[in-house]
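Notes for the one structure printed next.
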Amino acid sequence: MTKSKGFSLIELLIVVAIILIIAAIAIPNLLRARIAANQAAAVSTIRNINNSEAAYISQYPSTGFADTLVKLGPGPTCDATHACLVDSVVGCAAQPCVKGGYKYYLASTAATPIGDYASSATPVSWGGTGLENYCSTDDAVIRMQIAAAGQLGGAVTRTACADATQYSPVQ
């Protein structure tokens, strides 16, 4: 009698079951790590917008703060309409500007010179790309709100962002 070489069907099924069990344990951890990375990137981007606004108002004091993200973004020439302070993804032509699983907005008053602003970030998919909304005003304090994305909805006003009952400072 000759003995055949190879694996039996039962052995293969056991190996596949073990691989599935390991994947079931690892995938949720991977998703949580991705959400944490998206949130850290959102805080960093809001911080970058704050720094860009400070640079913008020092370069163009008669204009005040930038009232749109496109004014902070790149352009053919670096001037008050395209200051070249943020990348083209954040300084996109139409809000919201989507980067790293978050949508970014910039709102301000319409008076010239513009004396205030509020930047905000909300997850593209609540629970899928992020679990927190972020905002910051001309005081440069980054605040977070743990609520469903629909409650933030879009651009946040300076008053709403500064409201301690809605947003708490990021530690």
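Each reported figure results from applying straightforward, stated rules to the coordinates on display, with no laboratory input. Values in this document were obtained by computation on a predicted structure and should not be read as measured data. Virtual Cβ from ideal backbone geometry, glycine too; neighbours counted across all protein chains shown.
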Worksheet item: Of Tyr105, Ala162, Leu131, whose Cα points farthest to the positive end of the dipole of the chain (charges on the beta-carbon: +1 Lys, Arg; -1 Asp, Glu; origin at the Cα centre)?
Response: Leu131
Response to the item:
Least to most buried among Glu11, Glu53, by other C-beta atoms within 10 Å and fewest first, runs Glu11, Glu53
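Could you put Tyr167, Tyr60 in order, starting from the residue whose Cβ has the fewest other Cβ atoms within 10 Å? Don't jump to the answer; show the numbers that get you there.
Details: Tyr167 25, Tyr60 18.
Starting with the residue having the fewest Cβ neighbours, the order is Tyr60, Tyr167.
Counting Lys and Arg as +1 and Asp and Glu as -1, each charge on the Cβ, what is the dipole of the chain about the Cα centre in debye, to the nearest 20?
Roughly 820 debye for the chain.
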Worksheet, complete the sentence: Of the residues Asn50, Phe65, Ile10, the Cα lying farthest along the dipole of the stretch 1-116 towards its positive end, which is defined by charges on the beta carbon of Lys, Arg, Asp and Glu, belongs to Ile10
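More than 26 angstrom separation, counting every C-alpha pair in the stretch 9-169; what % is that? Numbers along the way, then the final one.
Numbers: 4474 of 12880 pairs.
The share of Cα pairs beyond 26 Å in the stretch 9-169 comes to 35 percent.
From Cα pairs below 8 angstrom and at least 6 apart in sequence, can you work out the relative contact order of the chain, rounded to a whole percent?
On the way: 299 pairs, mean separation 29.6, N = 171.
Dividing the mean separation by the residue count of the chain yields 17 percent.
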Worksheet, complete the sentence: To the nearest 0.05, the calculated FRET efficiency linking Ile25 and Ser125 through their beta-carbon distance, R0 being 35 Å, is 0.90
Worksheet, complete the sentence: Under the 7 Å Cα-to-Cβ spin-label approximation, Ala80 and Ala36 lie apart by a distance in nanometres of 4.6 nm
Response to the item:
Percent of all Cα-Cα pairs per 10 Å bin for the stretch 71-122, counting from 0 up to the last occupied bin, reads 25, 50, 25, 1
Worksheet item: Which ³J(HN,Hα) values in Hz, rounded to whole numbers, follow from the phi angles of the stretch 157-163 under the Karplus curve 6.51 cos²θ - 1.76 cosθ + 1.60, where θ = phi - 60° and Gly and Pro get x?
Response: 6, 4, 5, 5, 5, 7, 6
Worksheet item: Which angle from 0 to 90°, rounded to the nearest 10, does the C-alpha axis of helix 9-59 make with the longest principal axis of the chain?
Response: 10 degrees
